[in-house]
Amino acid sequence: MQRRGSVSPGELETCYGCGAALPTLDGPTHRYIGASAACWVLFTKLLHGGEPPLALAPLNALLLDAYAIQHTGTPSPQAIQSVAVHALTLFGVLERGLAPDQALWLRQRVVRPQGGTRRGRFRWLTPPSFAGSLTVASIVAAPTPAARAEVAGRYVTQVWSLWAKPHLPTFTVWYTNFVVPD
Ligand SMILES: [Zn+2]
């Protein structure tokens, strides 16, 4: 019997966000976060299901932010806002020294009503290449909760530094204009 097409059980699919090669999965994906179904499932299980468990660590609070800006999807108003929210949250903690548990405050702060419309506050930035970078699959593959938390911390800082390299000046302006003032 001949197999049709190229889809076969156990075949690997490359996530177009992070580049992780994971077994092809036919499942739901996020509306504007650009991840393969398999990568998205891995992430939601890790973040919301506690599976596999992560040891407590401060940077765990930023996993969502790192994942969102590693999986930017295609340009759209939602994707632009998502990158701004999550990148400026990482900026606040990793560049300006806010406590990681202020991540939620930062996320809300970025999009708070502030006179004028939120539309047009931010623009699409070309994402960096994540070739060879850590992924959620790297975190999950580590053997113990402590090892996974350690990889998760490196994942957060690596995703941020890849974005910061080309775009730090833009994030600095955005942070100054939209996060700092009252
Ligand atoms: Zn991915």
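The values are calculated or read from the model by the stated rules, or taken from the named source; none is laboratory data. Source: prediction; values computed, not measured. For neighbour counting, all protein chains shown are included, and Cβ atoms are generated from backbone atoms with ideal geometry for every residue, glycine included. Side chains included, ligands, DNA and RNA excluded: accessible areas come from the protein's heavy atoms. Shrake-Rupley method; radii C 1.70, N 1.55, O 1.52, S 1.80 Å.
Some observations on this one:
- Residues considered: Arg148, Arg107. Of these, the only one that is open to solvent by less than 40 Å² (accessible area, probe 1.4 Å), away from the ligand (no atom under 16 Å from the Cβ), part of a helix (DSSP H, G or I) and farther than 17 Å from Gly17 by Cα is Arg148.
- Scanning the range 36-56 for residues that are more than 15 Å from the ligand (Cβ to nearest atom), in contact with a Gly (Cβ under 8 Å, 6 or more places away or on another chain), open to solvent by 30 Å² or more (accessible area, probe 1.4 Å) and under 25 Å from Ser138 (Cβ atoms) turns up nothing.
- Inside the range 151-172, residues that are open to solvent by 70 Å² or more (accessible area, probe 1.4 Å) and either in contact with a strand residue (DSSP E or B) (Cβ under 8 Å, 6 or more places away or on another chain) or closer than 21 Å to Pro100 by Cα (or both) make up a count of 1.
- Scanning the range 57-82 for residues that are in a helix (DSSP H, G or I), open to solvent by less than 10 Å² (accessible area, probe 1.4 Å) and not small (Gly, Ala, Ser) returns Leu62, Leu63, Asp65, Tyr67, Ile69, Gln70.
- Given (1) on the phi > 0 side of the Ramachandran plot; (2) near the ligand (Cβ under 10 Å from one of its atoms), index of the condition Gly73 fails: (2)
- So Ser133, is it of a type in the set (S, T, N, Q) and part of a loop (DSSP other than H, G, I, E, B): yes
- Test: residue in the range 22-32 that is within 13 Å of the ligand (Cβ to nearest atom), open to solvent by less than 60 Å² (accessible area, probe 1.4 Å), among the aliphatic types (A, V, I, L, M) and in contact with a Leu (Cβ under 7 Å, 6 or more places away or on another chain): yes
- Qualifying residue in the range 93-101 (condition: open to solvent by 60 Å² or more (accessible area, probe 1.4 Å) and in contact (Cβ under 8 Å) with a residue 60 or more places away in the chain): yes
- Flag if Val136 is touching a helix residue (DSSP H, G or I) at 6+ places or on another chain (Cβ under 6 Å) and under 19 Å from Leu63 (Cα atoms): yes
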